[in-house]
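Trainee: Let me begin by handing over the structure; questions about it come next.
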Amino acid sequence: MHILAYALAAALLPLTVGLLVLGGSERAPLAQRDRELSRLAARLIQLELHETMRGFLLASQAFDLSRLSEDEALGMLRLLYKQDADIDAVILMDHEGRPTVSPVFLTGGASAGSELAGHLPLTAQQLDTFLKHLPIQVAREKGQAVSDVYPDPERNVNLLAAVMALESAGGTRYLLGFQRSLRRVQQILGTLVSDPGMHLFVVDGGGRLVAHPDGRRSLAREPQNAHPLVARYLQEGQGTSLTYRDGSEELSGVIQPLDFLDWALVIERPLARADAGKVPPLVWAAWIGVALLILVSGILLELRVRRVNQRMRELARAAESRAQELRQVQATLLESRKLNAIGDLGAGVAHELNNPLGGILGLTQLLLRKKKDDDPDNQFLRRIETEAKRCREITDNLLRFSEQQLRDSEPSEPLHLPRILDLTLDLLTAKFERQGIRIQREYSENLPRVLGREGGLRRAFLNVLQNAETAMTPGGGVITLSLFRDEEWVVVRVRDTGRGIPRENLARVFEPFFTTKDNWKGAGLGLSVVYQIVQEHQGQVTLESEEGKGTVVTFRFPAHERAGGSAPVPLA
């Protein structure tokens, strides 16, 4: 009897501890995963809404509103309208809220081929609803404002209206308003649901539903103040995670606030757990029947717990790696979307400016031919001709940036990167020598080739080398070119000893129209073009800089493999 009692006690202790450990190790990663998922999902939704506002502000600042005619202002609104398919109305008003031109929106009778097609149409009544929800007074006071969410049952969507205050070059103030739907926010919630019984929804600062996979509940704006997570958020104003019961079901949930609005994202799912209070009779019989053998089960169970914990840690690392990949993909998509939007806008502006610039340049050159050489007006006419040519060069850069000619004009082929770097340097060697700039080459041997377009890569390297030249002028310095292999990548590193870039500007260096040069030239598109070319070659480009010490630009391109094997193609 003592042996049997000892055997049963020895069996129950490791089994009980093991079940508790297993239960805890299952729940802890689940809560951690949901917290990470809630932060990522909130970030996605925040970017979805914030980028629309930022895109409108950036695009509208490209125009001097006080100088636009009615047709030009209407054309600007159409350009803004087409930036986002969730925008269904855009309006330009004076500072008192009176429209300066007709609002742009899609009517029910617009054809499928219309330039406004793809957006939700508006009736006159729906347009009036939009105008009533514009937060004009708050925008005048704070610069920009977003209305509360309001439903449109007829089109089965929730909407919000936003207003931004703008000021023209002459000091005249305007208000730019738009209405957008929350269709993509709904889609984001739907795509993130991965498990049965899992729920994601968004509430506003009053606890009412803003978005929910069940569209009927979103349209009804159901209040969620009694929900444990929402009640805690409304009381404390910050995110939290809880385990709570809903009837007989035990739930785990996380609420994550959004930074852009007073909204919060909720994720909840049922907890699947074994009922530790009930042991089936067959289990009791099995324990009694094998009591002597269970004396060693504690060791076996401990080994299993260690394996489970190791597996859990591996899963946690994999989840973190996947989250990092998602963040990188999100940043890349965001940058690409920004470049495409700016490219479309730049192409429209460049086309519109080229005709009048051509007229100005032609008339100026005609007057120069008619004037005598000693005519005092010649100096002014030549100045006009020079500035007109500079404007035309800027519009040509905008067109080249927007049309992405590199994709169609040149086929891809295996390329020898050291040769391309040397050919690019040949264009600048004489200029570098005059300015006291020395070149150091650090090329590894037996490097694989890179599949790409030679013209595009030479243009990317040329833009980076010209930026390095500007950073080291006057006074000269050293540019070090390194070329080596890093696993499946071929790496090109360009290091200069110039004045560097301020820390606050590093996050914006690849943005179109952004420049740190004292003398603004071109269109601020140099590094934007570099980023675009590298993306087209399935590569990566990063920039590191420290003010006063220099800048390092690193290119990474996939190594080109042989068609019939896995080994890379060596240099000839």
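All of the numbers you see were taken from the coordinates with simple rules; none came from a lab. Fair warning: this is a prediction, and the values are worked out from it, not measured in the lab. Please note: Cβ atoms are built from the backbone with ideal geometry, for glycine as well, and neighbour counts cover all protein chains shown.
Trainee: Hey, for a label at Gln365 modelled as a point 7 Å past Cα toward Cβ, could you say which residues of region 375-393 have their backbone N under 19 Å away?
Mentor: 378-393
Trainee: Say the cut-off is 29 Å between C-alpha atoms; which of Lys389/Lys431; Lys82/Lys389; Lys389/Lys549 go over it? Can you show the working numbers first?
Mentor: Working: Lys389/Lys431 24 Å; Lys82/Lys389 31 Å; Lys389/Lys549 36 Å.
Violating the 29 Å Cα-Cα cut-off are Lys82/Lys389; Lys389/Lys549.
Trainee: For the peptides 360-373, 155-168, what is the packing order when you average, over each peptide's residues, the other Cβ atoms within 10 Å and list the highest mean first?
Mentor: Numbers: 360-373: 12.6, 155-168: 19.1.
Output ranking for 360-373, 155-168: 155-168, 360-373.
Trainee: If you stretched the chain out fully between Glu547 and Gln32, how much longer would it get, using 0.36 nm times the residue separation minus the C-alpha to C-alpha distance?
Mentor: Details: separation 515, 0.36 × 515 = 185.40 nm, distance 3.87 nm.
This chain segment gains 181.5 nm when fully extended.
Trainee: Here's something else I'd like to know. Got a sec? How would Trp489, Trp263 order by Cβ neighbour count within 10 Å, fewest to most?
Mentor: Numbers: Trp489 16, Trp263 21.
So the residues, fewest neighbours to most, are Trp489, Trp263.
Trainee: Determine, from the Cβ-Cβ distance of Glu454 and Asp374 and an R0 of 51 Å, the FRET efficiency 1/(1 + (r/R0)^6), rounded to the nearest 0.05.
Mentor: Numbers: r = 50 Å, r/R0 = 0.98.
According to the calculation, E is roughly 0.55.
Trainee: Would you mind computing, in nm to one decimal, how far apart the modelled labels at Val193 and Glu488 are, each placed 7 Å from Cα along Cα→Cβ?
Mentor: Between Val193 and Glu488, the simple spin-label model gives 3.5 nm.
Trainee: So, in nm, how far is label Glu325 from label Lys142 when the simple model puts each one 7 Å beyond its Cα toward the Cβ?
Mentor: Result for the modelled spin labels: 3.9 nm.
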